[in-house]
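Chemist: Pasting in a structure now, in structure tokens, and then I'll have a few things to ask.
Each value in this text was obtained by applying a stated rule to the coordinates, not by laboratory testing. Source: prediction; values computed, not measured. Cβ atoms come from the backbone with ideal geometry, glycine included; neighbour counts cover every protein chain shown.
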Amino acid sequence: MTPLPGISLAGATWGLFAGLSVLLAGVGLYATLIGVRAELESFNTAAIGVIGASYYAGFVLGSRIALEIVGSVGHIRVYGALCALLGATTLLSGLVVHPVVWIVLRLLAGAAIAGVFVVAESWLNQLANNQNRARVLATYAMVTIITYGIGQVVFSLLDPTTLTAFTIAGIAIMLAVLPVSLSAVANPPAIAEIERLPLKTLFANAPTGVVTAFATGAVMGAITAFAPVFAARSGIAATRIGLFTAMPALGSLLLQVPIAALSDRHDRRRVGVVTAAAASGASALLLVSDVGGLASCLAMVLLGGTMYPLYSIAGAYTNDRLRPELLMAAAAQLVVLFGVGAFIGPLVMALAMGLAGTTAYPLGSALGLGAISLFLAVRILQHPSAERANPEQDIALDTQLLQIPATAVAMGRRLRYRRPVRNSGQR
């Protein structure tokens, strides 16, 4: 975003942040509506799983093509078009309540929201400089967490069986165009071409990061897609489901930054072991607590606070092993890996819940997160940590973390790129 002469950083960013705030509130409401309404309409578990998976399939496609479209017509036009598409899919979801139609609409919604976040993050990165980038991305992170959670809370005030709830979500998403269109900024320059990095090469350099990103996507996709369904089938009143599903976002708001800071100071794999184990334990608590009660809400807060940072840890660990000029290409590959995992996760969870019932949700989540913790522990045993790079060698790196609307609210967090240590034994 190239500000006009004499415009401050706040003046240059208010339009985008205001637009994203309204949009994410609508997206948070829409995502919760889909899960709860599908359950109220008695969609079978397999159909709900495919609806959840189709969103991530669209997200992967959208993240792949958005940059090319932006390069052709510019940020503002693409942002406006995608908001219109996303708003239309939201309204159509309320007008035509059918699993097949919803699968198509959620595919389009996933592609649209992925494109919106590609536009927003590339826009902010071109606006920011080394002196203010961390503050800009931190503000972006807080906006995404808080406003997405607000949308889930608003759900508690609406009747999910009516068209009104979908209409409110759709209007909010469409109104997100206004602040961006009216802000006094010029279109940022075209995005430079990103250096290619084949997945095979990325895996050869950082297999731990690649596997962790994929596995985290699978687990997070399953957990977030079925959270409203789990809440509804556990007997939580429809008016309280939004509050229950907003708890993980609150946990992310509280714990994302401290956990990321720990991973900057210690072996990221060790931080990942503890974090994934804590998330697994939080999932297990749902097995023995009264769903909807205080204990289960605290478990969801802990689950969100420890689950969401896993992707950032995987991304940062991968970045530690690559040359700086390959970081953007690596980030793009990790987005795809996460999205593929998030596509598979809901399908597996649907099968598990179809066979074992509601218990499969916390049990499967605990096992999946426990498997990530175990994998990282095994990697540490196979490749013990080398001595940490000297602080003087660290290069400040503002890592762009994947935004996963309808599931996670993943953040941009300032991490450090450590120069790869030759023969470190870490992979």
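Chemist: Run the paramagnetic zone check for R240: 7 angstrom along Cα to Cβ, then residues of region 290-317 with backbone nitrogen under 15 Å.
Modeler: Those under the cut-off are 290-300.
Chemist: Still on this structure, please answer the following. Between L374 and R77, what length comes free when the chain is fully extended (0.36 nm per residue of separation minus the Cα-Cα distance, one decimal in nm)?
Modeler: The span from L374 to R77 would gain 102.4 nm if fully extended.
Chemist: Same structure again: Could you compute the FRET efficiency for R233 and L95, with r as their C-beta to C-beta distance and R0 at 30 Å, rounded to 0.05?
Modeler: 0.70
Chemist: Which order do peptides 288-298, 353-363, 259-269 fall in by mean Cβ count within 10 Å, highest first? Write down the numbers at each step before the final one.
Modeler: Numbers: 288-298: 15.1, 353-363: 17.1, 259-269: 19.0.
The densest-packed peptide leads the list: 259-269, 353-363, 288-298.
Chemist: Per q in 0.10, 0.16, 0.17 Å⁻¹, report the Debye log10 I(q)/I(0) for region 193-294, using one uniform scatterer on each alpha carbon and no solvent.
Modeler: Scattering profile of region 193-294, log10 relative to I(0): -0.41, -0.88, -0.95.
Chemist: Let me ask you something else. Determine, for each peptide in 305-316, 44-55, 95-106, 366-377, the mean count of other beta carbons within 10 angstrom over its residues, then list the peptides with the highest first. Don't skip to the answer; put the middle values down first.
Modeler: On the way: 305-316: 27.8, 44-55: 22.7, 95-106: 16.8, 366-377: 20.4.
Highest to lowest by the protection proxy: 305-316, 44-55, 366-377, 95-106.
Chemist: Most exposed first by the Cβ proxy, i.e. fewest other Cβ within 10 Å, how do I146, I65, I76 rank?
Modeler: Placing the least packed residue first, the sequence is I65, I146, I76.
Chemist: How do 216-224, 34-42, 158-166 rank on mean C-beta neighbours within 10 Å, highest first?
Modeler: 216-224, 34-42, 158-166
Chemist: At 0.36 nm per residue, minus the direct Cα-Cα distance, what do V288 and L363 gain on full extension? Give it in nm, one decimal, please.
Modeler: 25.9 nm
Chemist: Moving on. Residues of region 237-267 with amide nitrogen under 15 Å from the 7 Å Cα-to-Cβ point of D159?
Modeler: Answer for this model: 238-239.
Chemist: Now for a separate question. Just the projected area, averaged over all directions, of the convex hull on the alpha carbon atoms of region 27-153: how many nm²?
Modeler: 8.2
Chemist: Right, another one. Multiplying the sequence separation of T167 and E325 by 0.36 nm and subtracting their Cα-Cα distance, what value in nm do you get?
Modeler: Roughly 52.4 nm would be gained on extension.
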